[in-house]
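The structure appears below as structure tokens.
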Amino acid sequence: MMPDPATLGAILLMAIVTYATRIGGYLLLGDRILSPRMTAVMDAAPGCVLVSVIAPAFAAGRSADLIALVATLFAATRLPLLPTVLIGVASAAMLRFMLPA
Amino acid sequence: MTGMTQGRSMPVPERRAELARGLRASLPVMIGFIPFALVLGAQASAKGLGALEVPILTGLNFGGGSEFAAIGLWTSPPHLLLIGGVTMLVNCRHLLMGAAFAPYLRHLPRRQVLPALFFMCDESWAMGLADARLGARAGRSQPFSLAYYLGVSIGLYATWVAFTALGALLGPVLGDITRYGFDMAFPAVFLVLLRGMWKSVRAAMPWAVSLAVAIAVYLLVPGAWYVPAGAVAGVLAACAWARP
């Protein structure tokens, strides 16, 4: 099973970008004091991306999906990963069965 | 080049003990990595990545948040600009982490530091830094222990690569993950990741901006543009709201 060249290209690009972020702070910023604005931006950016990636789940038109999402959100605020995933999957499955589209 | 000699000064048995101490310390985090790794591997295989491609991805990139984000947006063929941009945005926190690390790495030569930084993830960084601060308080002449940090890193890296590969092998057995509600696993993982990043309501306000803009763009514009649009809107909000 040969890896797909387009997939490998994307993986390589990710690897280069990620490694650049890992050494960039040490090489370029190590002796510099960052402005509070820059710090705030870099603090917020990862969460901004993650929440944007899951935006379609919040835009679901189906009430079963939205209720399941609320249940998952509630679980995520107080439980570890595995139970949260199980609650998310189980609630989505049950609610879709009980509330057909 | 005093840095060179200091970097090598630790005797081998001591270095080995430090490596083992790091490995032991990483154990609880290794266990915590396993479910994330399995879910990522399964999601990647659902997007068409093979059981070989998944460990190549996680082994070369080794950044869970960016891998989840990339897999969520993965198409065949993948959109390079989107994947590269999202990877940059998710991982730009490494810049801050590396800058915070730098003062503790001054005594080490770059040919040791640059490879070691490949393994810098949130957890290995936090543990290495915490150990260095303890070391400084205890009066260690070189507070940062490279061998300890590498011990932590080896444990976490091996766990991540091995269990994402396992997830990719098990994924196809589960079948189409959008049936039976398995698609909800994806937001669930992200919400748990977000909780880990949570600092305060104020610090999370840019996330709300991102979410609102991303939803609007998702509903109005075809394609995956909702991700860069939401991310950039949130980052601009963070920039505007930052205390001067």
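Here, each number is a calculation from the coordinates, and none is a lab measurement. Everything numeric here is computed off the predicted structure, so don't read it as measured data. FYI the Cβ positions are ideal-geometry reconstructions off the backbone, even for glycines, and counts take in every protein chain you see.
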* Asked: Within a Cβ distance under 11 Å of residue B:156, other residues only, what is the Lys/Arg minus Asp/Glu net charge?
  -> -2
* Asked: Between the range B:102-148 and the range A:56-101, what is the C-alpha centre distance in whole Å?
  -> 41
* What are the DSSP H helices in chain B that stretch 15 Å or more along their long axis, judged by alpha-carbon atoms, and whose average Kyte-Doolittle hydropathy comes to at least 0.5? -> B:12-46, B:80-91, B:146-174, B:185-197, B:201-220, B:226-241
* Structure fact -> The relative contact order of chain B, taking Cα pairs under 8 Å that sit 6 or more residues apart, comes to a percentage of 31
* To do: Could you please report the charge total around residue B:118, scoring K, R as +1 and D, E as -1 over all other residues with beta-carbon less than 14 angstrom from its beta-carbon?
  => +3
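State, as an integer percentage, the relative contact order of chain A based on alpha-carbon contacts under 8 Å between residues 6 or more apart.
20
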* Mind sorting B:145, B:210 by how few other Cβ atoms lie within 10 Å of their own Cβ, fewest first? => B:145, B:210
* To do: Return the Rg/Rh value of the protein assembly as shown, two decimal places, where both radii are evaluated on C-alpha atoms and Rh is the Kirkwood radius.
  => 0.99
* More than 25 angstrom apart: percent of Cα pairs within the range B:2-197 -> 41
* To do: For n ≥ 4 DSSP H runs only, could you compute -39500 (n - 2.57) per run for chain B, divide by its residues and tell me the 222 nm figure to the nearest 500?
  => -24500 deg cm²/dmol
* Peptide-level mean, for A:77-86, of C-beta atoms on other protein chains within 10 Å -> 6
* **Averaged over A:31-44, number of beta-carbon atoms from partner chains that fall within 10 Å** => 6
* **Other protein chain Cβ atoms within 10 Å, averaged over every residue that makes up B:68-74** => 3
* To do: For residue B:221 and residue B:136, calculate 0.36 nm times their separation in residues minus their Cα-Cα distance, and state this gained length in nm to one decimal.
  => 25.3 nm
* To do: Only Cα pairs under 8 Å and at least 6 apart count here; give the relative contact order of the range B:40-95 as a rounded whole percent.
  => 33
